[in-house]
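Accompanying notes for the structure given below.
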Amino acid sequence: MNPQKKFIAAPGGIIPNPGNTADRQTGDWRVERPVIDMERCTHCMICWIYCPDSAIVAKEGRFIEFDLVHCKGCGICAEECPPNCIDMIEELTFQNINGTSGDEQ
């Protein structure tokens, strides 16, 4: 008998045993990063709903920050944002403007 777990896809594409991406730093390959204008943010949380990486940090139903350790820079949050307060900025441009390594917020 093989002791390894066998992957079985459930109907509808549901994966019954999710992986462990929370344990891995996946934001390293990001080319663009989301930057939010908090003055225009309405905390509608549409970005949180659509983010495939669960990289939107919220507390009590309000946007707090982006989890840049896991954000892959896909830009879905910016595309779906009703008040258009999220911009995708090239990672190198952001680093040059802010003088950071890119991981700081």
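Odds and ends about this structure:
- Contact order, relative form, for segment 28-98: 44 percent (alpha carbon pairs under 8 Å, 6 or more residues apart, mean separation divided by residue count).
- Scanning residues 5 or more positions from residue 56 or on other chains, those with amide H under 5 Å from its amide H are 67, with H placed 1.01 Å from N in the peptide plane.
Coordinate-derived values only; no laboratory data. If you're wondering where the values come from, they're calculated on a predicted model, not measured in any experiment.
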